[in-house]
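These notes are about the structure you will find just below.
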């Protein structure tokens, strides 16, 4: 047992060292930069708060983020309800799930360009409808972009929780003679209140801190993310005031996480979960089918332009089919190099990030280490969930400028591991917590070391979760831009930062081809990882059946 603790303490020390160097130190440097000018000063905070346009940008960020989060939460609820509480065919439900999560496979900066080419004066949807629906640059464009961005996250949260709601409550409520609205409140809405509020908070946090969408459709509607970018990488950079804006961005982020922790208490947990047989109701199914179909069609119609524009001669004037733009991308060595960098970064992030998340989860879910060790890991996960990508990117810019890590793929990989740590860690922790708690003890009595037990027993049983974590890290690394925009160099450009560069020279055909490349890569990776995880789950169930029949 002593040797086991020694090995676990080594893993703990390595994880703490990683986050001390690449999370705590950068944020402390950022704080210092905002408060230090030859001596301790609050001048930078005072000047930023008094700066013309800052409070307006802050108010704009709150307004558009709140409106987008509320809209996304409602749409996500409608989609999830159609999946769980209607008699729609299984293939329709699968299609709804696929469309609801589709935007996760594209970088947010692409959403903005898709909106421009869909709803602009010469946009695809504008041409089909014969009129422009809304002003693109500003609140309207940001609202559409943010809603598309956050629907997948809100949908996954609500969809997963709905799977754990006891459907028999519906039957009981109807037997008791409750009116339809009362039944809806008691059996559906009440158990989901915590999750719905959580979906709103999570969506708000993502909108408030995103840079990709304002970079393309923000226009003159200044938000806090573009203000930070212009302060750091604009014509006249001001690093001290940029650090202040980055620190102020942390306030609503930390507030969001605190509220999520409080909301956790309101989630209803059932001792038994059962599916109720829904009554056949063609009218209900038709209504929900039409509403979810309209939402899905709206999402797909915006992304349709990505498949159209790069495959015509010159949108919107010459609409004949052409592969010229695709050939241009694949003959450009710099664009191919950026794709290679993206793949390498995503694969290494996924491999190393999975190891870190697995090691952290072993400490909290399958060890006898003291409460202090486990609380430290939990605190790290909580903090990483509260740090926006832009803030982390700015902090890395300060800490690693002039070092051997500056503008390297290694720094970008480490940034992604730290930035996305929270969700993979929780996924691994939940998986390991459900396994037989006595495996390590049994193996120790049989003379096996702790490491052998982990490699031979625990890891094979956790393989499907490890594949899911690998997939999560890979896909997020392929689409991320907020942090990388500050730390990628000319020689380490990845596809998302390259798209930002192409925007400056109006090479939108190449932007869409690169976006399709990211989408195709992520969809292929997701399909591969899902198949591998599914195969393992099937073989595990088969082995369990064999063991059961033997006994």
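The values are calculated or read from the model by the stated rules, or taken from the named source; none is laboratory data. As the structure is a computational prediction, the values presented were derived from the model and not from experiment. Glycine gets a Cβ as well: all are built from the backbone with ideal geometry, and neighbour counts include every protein chain shown.
Quick rundown of the values:
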{"read-out": "Residue 12 being over 30 Å from the mean Cα position of the chain (by Cα) and crowded, with 18+ Cβ neighbours inside 10 Å", "value": "no"}
{"read-out": "Which listed residue, of 203, 197, is over 14 Å from the mean Cα position of the chain (by Cα) and modelled with pLDDT of 85 or more", "value": "197"}
{"read-out": "So residue 30, is it farther than 25 Å from residue 146 by Cα, under 26 Å from the mean Cα position of the chain (by Cα) and either part of a helix (DSSP H, G or I) or free of Cβ contacts under 8 Å to residues at least 12 places away in the same chain (or both)", "value": "yes"}
{"read-out": "Residue list for the stretch 114-143, filter: in contact (Cβ under 8 Å) with a residue 40 or more places away in the chain, assigned to a loop (DSSP other than H, G, I, E, B) and surrounded by fewer than 19 Cβ atoms within 10 Å (Cβ to Cβ)", "value": "122, 137, 138"}
{"read-out": "Which numbered condition residue 191 misses (of (1) farther than 12 Å from residue 81 by Cβ; (2) in contact with a helix residue (DSSP H, G or I) (Cβ under 9 Å, 6 or more places away or on another chain); (3) modelled with pLDDT under 75)", "value": "(3)"}
{"read-out": "From 21, 66, 80, residue being closer than 29 Å to residue 525 by Cα, part of a helix (DSSP H, G or I) and either touching a residue at least 12 places away in the same chain (Cβ under 8 Å) or out of contact with any helix residue (DSSP H, G or I) (no Cβ under 7 Å at 6 or more places or on another chain) (or both)", "value": "80"}
{"read-out": "Members of the stretch 333-368 found to be outside any helix (DSSP H, G or I) and surrounded by fewer than 13 Cβ atoms within 10 Å (Cβ to Cβ), listed by number", "value": "368"}
{"read-out": "Extreme residue, modelled with the highest pLDDT, among residues of the stretch 86-113 that are surrounded by fewer than 17 Cβ atoms within 10 Å (Cβ to Cβ) and not in a helix (DSSP H, G or I)", "value": "89"}
{"read-out": "Hits in the stretch 216-234 - residues which are surrounded by fewer than 22 Cβ atoms within 10 Å (Cβ to Cβ), part of a helix (DSSP H, G or I) and in contact with a helix residue (DSSP H, G or I) (Cβ under 6 Å, 6 or more places away or on another chain)", "value": "226"}
{"read-out": "Any hit, the stretch 148-161, residues being at pLDDT 75 or above and over 20 Å from the mean Cα position of the chain (by Cα)", "value": "no"}
{"read-out": "Near pairs, Cβ below 9 angstrom, 6+ apart or cross-chain, from the stretch 39-50 (in a loop (DSSP other than H, G, I, E, B)) to any residue that is at pLDDT 85 or above and surrounded by 12 or more Cβ atoms within 10 Å (Cβ to Cβ)", "value": "41/35; 42/35"}
{"read-out": "Unique residue being over 30 Å from residue 411 (Cα atoms), buried (at least 18 other Cβ atoms within 10 Å of the Cβ) and over 21 Å from the mean Cα position of the chain (by Cα) when the list is 311, 323", "value": "311"}
{"read-out": "The stretch 311-332: number of residues that are touching a residue at least 40 places away in the same chain (Cβ under 8 Å) and either assigned to a helix (DSSP H, G or I) or on the phi > 0 side of the Ramachandran plot (or both)", "value": "4"}
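Residues checked against (1) at pLDDT 90 or above; (2) over 18 Å from the mean Cα position of the chain (by Cα); (3) in a helix (DSSP H, G or I):
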residue: 413; (1), (2), (3): yes, no, yes
residue: 435; (1), (2), (3): no, yes, no
residue: 452; (1), (2), (3): no, yes, yes
residue: 458; (1), (2), (3): no, yes, yes
residue: 469; (1), (2), (3): yes, no, yes
residue: 475; (1), (2), (3): yes, no, yes
residue: 497; (1), (2), (3): yes, no, yes
residue: 502; (1), (2), (3): no, yes, yes
